[in-house]
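The values are calculated or read from the model by the stated rules, or taken from the named source; none is laboratory data. Since the structure is predicted, the reported quantities are computational estimates derived from the model, not experimental observations. Here the Cβ positions follow ideal geometry from the backbone for every residue, glycine too, while neighbour counts run over all protein chains shown.
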Amino acid sequence: MFAGHFGLAAAVKAKTPNVPLWALMLSTQLLDIVFVPLLLSGAETLEAVAGEGYGGSLIHADYTHSFVGALLLAFLAGWGAGKLWGRRGGVAVGSVVFSHWLLDLLVHRADMPLFPGNAGAFPLLGLGLWQVPTVSIVLESALVLIGAVLYYRSVASAAERSRRGWAIAAGGIMGLLLTLSLVTDVLG
Ligand SMILES: [Zn+2]
């Protein structure tokens, strides 16, 4: 669900123009970015579900994708962003980081623990929309579309009349990038 996360970042950018887009894009994927070194070191693992492509994995990201772990990362990122872009920016970045967990909750199979390392062995969370690819693809497409439209509108209204062309180009490029990431999501 790369595309869906990015779509949300583009939408938030439209509302908090002083936070750079790269920071919001990074924030939506922060949990997965921290996941990479943990995956490489074997602390978190990925298990393919036989016969499935799009969203076909059980993801044992017991730290980064635990409810409390995600909350902690969101808080740290929001605190850091607050220093750079003020209170509003910090809240936006923190919320965007945590939104990754919420969107993952919709699509992941039940593989997300409540506490880091699944302490307490509570039931694992995940509503498993990936098992109904049509629904999750529609959901991602909607996020992409909303993100692209809001982003375009914010650039277009901020730009001077003489720079309308650039604004349209920027909005178009964003839409294209989001669509491409959706296509790779579905195919990869
Ligand atoms: Zn994730």
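Restricting the stretch 1-19 to residues that are more than 12 Å from the ligand (Cβ to nearest atom) and not in a helix (DSSP H, G or I), the residue that is surrounded by the fewest Cβ atoms within 10 Å (Cβ to Cβ) is ASN18. Could you tell me whether LEU125 is within 15 Å of the chain's Cα centre (by Cα) and either surrounded by 13 or more Cβ atoms within 10 Å (Cβ to Cβ) or touching a residue at least 60 places away in the same chain (Cβ under 8 Å) (or both)? No: the conditions fail for LEU125.
Whenever a residue of the stretch 6-28 is in contact (Cβ under 8 Å) with a residue 24 or more places away in the chain, its partners that are among the acidic types (Asp, Glu) and part of a helix (DSSP H, G or I), lying with C-beta atoms within less than 8 angstrom and at least six residues away or across chains, give the pairs GLY7/GLU140. Residues in the stretch 127-144 that are part of a loop (DSSP other than H, G, I, E, B) and touching a helix residue (DSSP H, G or I) at 6+ places or on another chain (Cβ under 8 Å): LEU127, GLY128.
Scan the stretch 69-84 and tell me whether some residue there is at pLDDT 90 or above, small (Gly, Ala, Ser), closer than 23 Å to PRO123 by Cα and within 12 Å of the ligand (Cβ to nearest atom). Yes: one or more hits. Restricted to the stretch 87-114, and to residues there that are outside any helix (DSSP H, G or I), out of contact with any Asp or Glu (no Cβ under 9 Å at 6 or more places or on another chain) and free of Cβ contacts under 8 Å to residues at least 60 places away in the same chain, the residue that is nearest to the ligand (Cβ to nearest atom) is HIS108. Given the conditions (1) touching a helix residue (DSSP H, G or I) at 6+ places or on another chain (Cβ under 6 Å); (2) at pLDDT 90 or above; (3) surrounded by fewer than 19 Cβ atoms within 10 Å (Cβ to Cβ), which single one is not true for LEU31? Looking at each condition in turn, LEU31 falls short on (3).
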